[in-house]
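Chemist: Before I ask anything, let me first share the structure, which is written out below as structure tokens.
The values are calculated or read from the model by the stated rules, or taken from the named source; none is laboratory data. Keep in mind that this is a model prediction, so the values were computed, not measured. Virtual Cβ from ideal backbone geometry, glycine too; neighbours counted across all protein chains shown.
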Amino acid sequence: MRAPWEALAGAEVFDLAQPMRTGMPQSPNHVPFRMVLERRHGDVVRADGGSAANEVIVTGGHVGTHVDALAHVSQDGRLHGGREAAPVQGHQGFTALGIDAFEPYVGRAVLLDVAAVHGVAALPPGYEITPGDLDRAAEGLSPQPGEALLIGTGWSRHWGEPELFTGQSGGAPGPGAAAGRWLAERRPRLVGAESIAFEHIPPGRGHATLPVHRILLVEAGINIVETMRLWPLLDAGHREVLLIVNPLPLVGATGAPVRPLALARP
């Protein structure tokens with residue numbers, strides 16, 4: 001039997017996280033990311049001439065590439081499994097269903113490249129992904145329960161265009177409610193995509209309603225990975241990869257930054 005590291009020898013590694021920096025695109029619903037150097041080289045110099053620098057980071061849990069915990073969304077005051085939100089939330093976070101309850105994922109991910117289905121590098125702003133789109137993107141792949149499903153829209157190519165990327169005025173491509181139910185019916189361990197919200201965002205609507213979050217997080221108990229950097233996988237033509245997802249274990253938090261890695265054969 002081959003050792004795991006032997007089986008992965010020669011695999012190409014794809015970093016699926018967007019770089020985090022002050023001013024990066026993000027949802028207006030969340031605390032912005034900020035980083036500043038608290039101590040610079042030369043501020044304090046040791047007797048031997050050595051010096052160290054360090055920073056202060058302020059961030060929300062839903063900034064950059066991140067995982068949504070099941071505690072992130074409620075419906076009529078209830079979280080996944082019918083649990084009342086009020087008794088398990090407090091100033092220090094959630095005592096149940098927080099991101100610290102997320103078990104690291106290492107397994108197969110099926111990449112549903114909807115942009116390729118339409119013959120474009122990136123779907124247009126405000127495009128609603130349908131079950132038909134997902135059926136076509138999944139042809140020949142047979143995703144299994146407990147695996148990861150990633151939706152390719154090409155939207156991560158627009159990371160350097162904050163006004164376009166955030167979709168607050170022009171909208172952003174993503175699954176509508178029907179596509180959300182298509183995903184939930186396949187019982188994946190997690191889902192992921194490239195835009196700030198794992199939703200169809202119509203032009204001019206912003207994040208007014210988030211039905212797919214309700215379907216996946218509240219009803220089905222499926223974690224969501226948002227703002228993924230998928231365009232290198234799309235350009236390489238990979239449709240299935242080994243995916244590693246391990247967000248920061250922030251106790252009681254509703255989400256946390258993550259640096260997903262995908263491994264695939266060249």
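Chemist: Quick check on region 173-188. Is at least one of its residues within 17 Å of Ala71 (Cβ to Cβ) and either over 16 Å from the mean Cα position of the chain (by Cα) or part of a strand (DSSP E or B) (or both)?
Modeler: There is no residue in region 173-188 that is within 17 Å of Ala71 (Cβ to Cβ) and either over 16 Å from the mean Cα position of the chain (by Cα) or part of a strand (DSSP E or B) (or both).
Chemist: In addition: So, of the residues in region 51-102 that are over 13 Å from Ala256 (Cα atoms) and charged (D, E, K, R), which turns out to be surrounded by the most Cβ atoms within 10 Å (Cβ to Cβ)?
Modeler: Among those residues, the one meeting the criterion is Arg83.
Chemist: Next question, about the same structure. Test Val67 against the criterion of being within 21 Å of Ala178 (Cβ to Cβ), assigned to a strand (DSSP E or B) and at pLDDT 95 or above, and give yes or no.
Modeler: No, not satisfied.
Chemist: Looking at region 30-46, can you tell me whether even one residue there is exposed (fewer than 11 other Cβ atoms within 10 Å of the Cβ), touching a strand residue (DSSP E or B) at 6+ places or on another chain (Cβ under 8 Å) and either in a loop (DSSP other than H, G, I, E, B) or among the aromatic types (Phe, Trp, Tyr) (or both)?
Modeler: For region 30-46, residues exposed (fewer than 11 other Cβ atoms within 10 Å of the Cβ), touching a strand residue (DSSP E or B) at 6+ places or on another chain (Cβ under 8 Å) and either in a loop (DSSP other than H, G, I, E, B) or among the aromatic types (Phe, Trp, Tyr) (or both): present.
Chemist: Next question, about the same structure. Look at region 86-117 and say how many of its residues are assigned to a loop (DSSP other than H, G, I, E, B) and more than 23 Å from the chain's Cα centre (by Cα).
Modeler: 2
Chemist: I'd like the full set of residues that are out of contact with any helix residue (DSSP H, G or I) (no Cβ under 8 Å at 6 or more places or on another chain), over 17 Å from Pro175 (Cβ atoms) and not in a loop (DSSP other than H, G, I, E, B), limited to region 199-252.
Modeler: Within region 199-252, Pro232, Leu233, Asp235, Ala236, Glu240, Leu242, Leu243, Ile244, Val245 meet the criteria.
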